[in-house]
Amino acid sequence: MTTATPPPPPTSTPVGFRNGAGSSFSDRGEGPSSTAEIPSNDAVRENAGGAVSPAQRPQPDRGRPHRQDTGEHPNTLGLNRVDRAKIISRSQKKKKNVKAHVKIATQNMNGRTFQTKSGQTRSKWLEIHRAMREYKVGILALQETHLTEEELADIQVKYAKSYEIFNSHLPDNPTGSAGVGFVLNKGMINTNDAHTTPLIEGRAALLEIKWNESETLRILNVYAPNAPREHLDFWVDLEQRLKDHNITQIDYLLGDFNLVEDARDRAPQRPDDERAVEALREFRQTYDLIDAWRNDNEKERVFTYRHTSNQRKSRLDRIYTTKEHSKNAYKWEVNTKVIYSDHDMVSVKHSLKNAPHIGKGRWTWPIFLIEDKKLISSIVEKGKTLEGKLRGPFANRQEENPQVLWQDFKDDITKEAKKVAKAAVNRIATKLKKLREEAHRLANDPTIDDNEEIRREEALIVEEIEHLEKKRRSASERNAQARWQVKGESVGKYWTKAN
């Protein structure tokens with residue numbers, strides 16, 4: 001008896017990123033095909049001359065890497081950390097549906113680690129992970145990453161399931177200064193066709209990512225020099241390198257520019273070096289880039305960097321886009337103290353052309369309220385009252401009838417549930433919202449340039465915001481540790497996601 005044997009699954013050729021010397025950008029490649037061509041049962045019977053038992057039937061090759069007892073990817077055993085990161089990145093590539101919009105953000109990390117009050121050194125990458133999850137960021141541009149190739153490889157392996165991570169560092173001082181990178185959220189965008197080009201090592205990198213069938217986004221991430229006299233050479237050099245790579249269009253220019261174009265973006269107000277500002281403006285004009293937020297908010301003032309010693313503030317971190325994309329860019333935000341850094345995160349949402357408007361959706365009952373005995377007891381009492389009214393009689397059925405009473409009952413308990421949920425969940429969030437509103441009010445106070453007391457008060461409010469954000473992060477970390485202790489060793493939904 002003979003049985004049909006399926007052909008082996010097709011393989012594909014890996015596609016590499018354009019890498020530059022002194023840079024650390026991971027390769028990409030196609031994983032194995034998910035299934036092989038399997039003959040039908042009828043064809044098997046015909047070839048075999050009769051029925052075939054389940055054990056004799058050819059089984060499909062799923063093409064999925066199987067986890068070994070060591071917990072290592074099977075193709076990474078014996079490899080160094082950099083090569084392991086590349087293999088895992090390729091193996092976890094999968095097709096992702098594109099959403100109608102993506103949040104693009106920029107954040108100066110001010111180094112990869114921070115010191116706790118107890119003197120411990122901790123990585124900021126867990127904060128980056130939390131920020132992307134909490135603020136739903138699809139593409140995050142980072143400056144001052146301070147990463148070596150080995151450190152980058154470790155991070156790529158650790159977060160391989162969730163993110164594609166790229167980095168370009170200074171060859172002579174990777175951990176001490178500069179460094180630019182991108183973090184792409186696999187849960188929100190399709191990262192299969194992403195390409196990153198390091199243009200100026202540790203200072204500028206270009207991301208090209210296919211957004212949909214017809215649109216490719218080009219996002220330029222920069223960390224400009226601190227010294228004003230270096231800006232002219234920096235922008236001229238950057239423009240030339242873009243020409244060398246045949247890049248004629250930039251959709252978004254973002255990062256830490258270490259200067260402001262408008263005196264209003266500093267408190268106290270003062271103009272920056274004229275030659276440095278003019279060099280940036282000429283670069284923007286070459287690629288038709290505008291400060292869309294400033295154009296829409298001519299009189300408003302926000303700050304992304306605060307100098308603690310002299311209470312000086314500035315909007316160093318910005319996002320530029322083209323006039324065409326500015327029509328589809330919305331929800332510009334400055335999120336204060338998202339991670340342990342002296343810079344704030346700036347973000348914008350980019351939507352597809354002609355995309356339909358998507359509202360906030362309908363409210364749903366939070367699951368945890370089912371355990372609120374006081375709320376449930378109140379609803380039961382209101383339900384009993386409704387039950388009595390439904391028995392009638394109804395004097396005027398146009399104004400009072402079972403349908404109207406039932407709708408009023410639902411509206412009443414929904415209103416009560418929202419109130420309870422807000423009180424239970426959003427104590428810190430509500431306080432943070434009020435503090436941010438007060439900080440924004442002070443930042444736009446007409447006397448802030450001349451009144452150091454106003455600037456000091458705004459700085460104190462920002463410190464309180466940072467304190468509350470730390471409390472939220474600590475609580476989240478404790479909850480995650482407790483959840484791992486309870487569910488981490490039991491095979492289930494939580495274990496599957498973690499592994």
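The values are calculated or read from the model by the stated rules, or taken from the named source; none is laboratory data. Worth saying up front: this structure is predicted, and the values here are computed from it rather than measured. With ideal geometry, Cβ positions are generated from the backbone for all residues, glycine too; neighbour counts draw on all protein chains shown. For the accessible areas, the whole protein counts, side chains as well, though only heavy atoms, and no ligand, DNA or RNA atoms are used. Shrake-Rupley method; radii C 1.70, N 1.55, O 1.52, S 1.80 Å.
Each residue of region 176-181 was assigned a 3J(HN,Hα) from its phi angle through the Karplus expression (A = 6.51, B = -1.76, C = 1.60, θ = phi - 60°), giving x, 7, 6, x, 10, x Hz with x at Gly and Pro.
Considering only protein heavy atoms, with the full assembly of protein chains and a 1.4 angstrom probe, order Val222, Val236 by accessible area, largest first.
Details: Val222 0, Val236 90 Å².
The ranking, largest first, comes out as Val236, Val222.
Sorting Met188, Met109 on solvent-accessible area from highest to lowest, probe radius 1.4 Å, gives Met188, Met109.
Given axes a ≥ b ≥ c from the Cα gyration tensor, I'd like to know whether region 107-203 is rounded (a/c under 1.5), prolate (a/b larger than b/c) or oblate. Oblate, since a/c reaches 1.5 and b/c is not below a/b. Mind running the shape call on region 137-258? Use the C-alpha gyration tensor, a ≥ b ≥ c as the square roots of the eigenvalues: rounded below 1.5 for a/c, prolate if a/b tops b/c, oblate otherwise. Since a/c reaches 1.5 but b/c is at least a/b, the shape of region 137-258 is classed as oblate. Applying a DSSP loop filter and a limit of 11 other Cβ atoms within 10 Å to the GluC sites (Glu not before Pro) in region 273-374 leaves Glu298.
Working from label points 7 Å from Cα in the Cα-to-Cβ sense, the Asn212 to Thr175 distance is 4.6 nm. Remark: C-alpha extents of region 275-434 on the principal axes read 83, 43, 27 Å, sorted largest to smallest. Using a/c under 1.5 as the rounded threshold, could you call region 390-496 rounded, prolate or oblate? The axes a ≥ b ≥ c are square roots of the C-alpha gyration tensor eigenvalues, and prolate needs a/b larger than b/c, oblate otherwise. Cα axes put region 390-496 in the oblate bin. Full extension of the chain between Glu489 and Trp332 gives 52.3 nm of extra length, using 0.36 nm per residue less the Cα-Cα distance. Positive contributions from Lys and Arg (+1) and negative ones from Asp and Glu (-1), summed over other residues with Cβ under 11 Å from the Cβ of Glu278, come out at -2.
How long is the gain from Asp193 to Arg264 if the chain were fully straight, where each residue apart is worth 0.36 nm and the alpha carbon distance is subtracted?
Values: separation 71, 0.36 × 71 = 25.56 nm, distance 3.98 nm.
Full-extension gain reported as 21.6 nm.
Pairs from the list Lys136/Lys210; Lys186/Lys210; Lys382/Lys415; Lys374/Lys422; Lys136/Lys418; Lys299/Lys419 with a Cα-Cα gap above 25 Å: Lys299/Lys419.
Taking 45 Å as R0, compute the FRET efficiency from the Cβ-Cβ separation of Asp296 and Glu230 and round it to 0.05. The calculated FRET efficiency here is 0.90.
Counting 0.36 nm for each residue step from Arg436 to Thr113 and taking away their Cα separation leaves a gain of 113.7 nm.
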